[in-house]
Amino acid sequence: MATALSPVDVAQRLGAGLLSFPVTPFTADFAIDEAQYRSNLDWLCGYDVAGLFAAGGTGEFFSLTPAEVARVVGVAVAETAGRVPVLAGAGYGTAIACEMARAAEKAGADGLLLLPPYLVGSEQDGLSAHIEAVCRSTGLGVIVYNRDNAVIGPDALARLCDRLPNLVGYKDGIGDIELMTRIYSRLGDRLTYVGGLPTAETFALPYLEMGVTTYSSAVFNFVPGFALDFYAAVRRRDRVAVATGLRDFILPLIEIRNRRKGYAVSIIKAGMRAVGRDSGPVRFPLTDLTAAEQAELAALVARVAPAQALAAE
């Protein structure tokens with residue numbers, strides 16, 4: 001199944017609006033809950049989102065088998081039915097990442113997010129070879145995720161862009177403002193830039209000034225109206241509205257998230273429960289929020305999305 005969107009088309013569409021990473025719902029015994037996933041995707045497609053990343057970080061890519069990743073991507077493509085571009089996660093070692101890229105293309109994905117390789121660090125030449133191998137394994141547009149052990153510098157990235165027309169995006173997950181400035185200064189409009197720091201809303205306004213026109217909003221999963229209103233405030237540079245959204249919702253959410261390791265994903269599934277879209281537990285090694293934290297989050301959601309909170313009761 002081939003996508004109707006070229007890599008350039010995908011990049012342009014993603015850069016023009018808000019992005020999100022749907023959670024991967026699980027049953028109580030940790031099997032993929034396909035029916036809930038379809039329901040969630042259909043709901044999210046009713047909002048003006050520029051792209052959805054199936055089996056990404058918030059979708060617990062790290063806990064899915066390669067076959068499960070392909071299945072999740074295929075379901076996302078079928079359920080969204082062209083309403084929203086679907087990008088697939090790919091990662092681990094080079095051989096597995098290339099296999100995932102080919103499987104995603106076969107499933108009809110519109111593009112790829114290349115997550116950091118498993119565990120090991122590498123020099124720029126090795127990381128470049130990894131990115132190039134994945135890009136050459138597929139005709140899909142590829143966004144490289146600069147994070148953790150996979151930090152590509154401006155010189156290496158520029159050389160890759162010269163050789164790989166389907167390398168169309170750069171997602172920043174480290175928050176190095178100088179590096180981001182150097183990359184944008186070097187490559188300009190050659191790439192679409194995506195803010196990818198945990199709870200990207202916190203950094204959205206300053207990053208906009210550096211040419212990062214979009215970001216991935218995890219909270220879009222459960223408060224899509226708030227997420228879109230916040231994004232609109234960022235794009236019109238409404239500092240008062242942005243500060244209010246941070247104060248009333250994002251920063252209190254971060255306070256809960258920072259209490260335990262792994263809560264960046266767990267809190268999003270807790271948010272799904274808070275709005276009546278229970279998508280099951282997180283898979284180990286992650287752990288779910290405590291009952292008290294779940295109640296605290298539900299009260300926070302009720303402040304910014306009262307209609308959704310009432311629907312969940």
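The values are calculated or read from the model by the stated rules, or taken from the named source; none is laboratory data. Please read these numbers as outputs of a predicted model, since none were measured by experiment. Cβ sites come from the backbone with ideal geometry, for glycine too, and all protein chains shown count toward neighbours. Heads up: the accessible areas ignore ligands, DNA and RNA and are worked out on the full protein's heavy atoms, side chains in. Shrake-Rupley method; radii C 1.70, N 1.55, O 1.52, S 1.80 Å.
Points worth noting:
- Single condition THR94 does not satisfy, out of (1) open to solvent by less than 10 Å² (accessible area, probe 1.4 Å); (2) more than 23 Å from ARG277 (Cβ to Cβ); (3) in contact with a helix residue (DSSP H, G or I) (Cβ under 6 Å, 6 or more places away or on another chain); (4) of a type in the set (Val, Ile, Thr): (1)
- The stretch 146-164 residues that are closer than 14 Å to ASP125 by Cβ and open to solvent by less than 40 Å² (accessible area, probe 1.4 Å), paired with ones that are in a helix (DSSP H, G or I) and among the polar types (S, T, N, Q) (beta carbon under 9 Å, 6 or more apart): ILE152/GLN124; ILE152/SER128; GLY153/GLN124; ALA156/GLN124; ALA156/SER128; LEU157/SER128; LEU160/SER128
- The residue pairs whose first member lies in the stretch 216-240 and is within 13 Å of PRO22 (Cβ to Cβ), whose second member is of a type in the set (Phe, Trp, Tyr) and not in a helix (DSSP H, G or I), and whose beta carbons are closer than 8 Å, counting only pairs six or more residues apart or on different chains, are SER216/PHE21; SER216/PHE53; ALA218/PHE21; PHE220/TYR47; ASN221/PHE21; PRO224/TYR47.
- Out of PHE26, PHE30, one residue alone is in contact with a strand residue (DSSP E or B) (Cβ under 7 Å, 6 or more places away or on another chain) and either surrounded by fewer than 22 Cβ atoms within 10 Å (Cβ to Cβ) or modelled with pLDDT of 95 or more (or both). It is PHE26.
- Breaking point among (1) in a helix (DSSP H, G or I); (2) buried (at least 22 other Cβ atoms within 10 Å of the Cβ); (3) under 14 Å from the mean Cα position of the chain (by Cα), for LEU113: (1)
- Flag for VAL168 being of a type in the set (A, V, I, L, M, F, W, C) and either in a helix (DSSP H, G or I) or more than 14 Å from the chain's Cα centre (by Cα) (or both): yes
- Complete set of residues in the stretch 37-49 that are open to solvent by less than 70 Å² (accessible area, probe 1.4 Å), farther than 19 Å from ALA67 by Cα and assigned to a helix (DSSP H, G or I): SER39, ASN40, LEU41, TRP43, LEU44
- Filtered residues of the stretch 50-80 (kept if open to solvent by 10 Å² or more (accessible area, probe 1.4 Å), of a type outside the set (S, T, N, Q) and touching a residue at least 60 places away in the same chain (Cβ under 8 Å)): ALA50, GLY57, VAL77
- Residue pairs whose Cβ atoms lie under 8 Å apart, sitting 6 or more positions apart in sequence or on different chains, and linking a residue in the stretch 184-196 that is open to solvent by 20 Å² or more (accessible area, probe 1.4 Å) to a partner that is of a type in the set (Ser, Thr, Tyr), are TYR184/TYR193; LEU187/TYR170; THR192/TYR170; THR192/THR213; THR192/THR214.
- Count of the stretch 273-313 residues which are part of a loop (DSSP other than H, G, I, E, B) and without any contact (Cβ under 8 Å) to a residue 60 or more places away in the chain: 8
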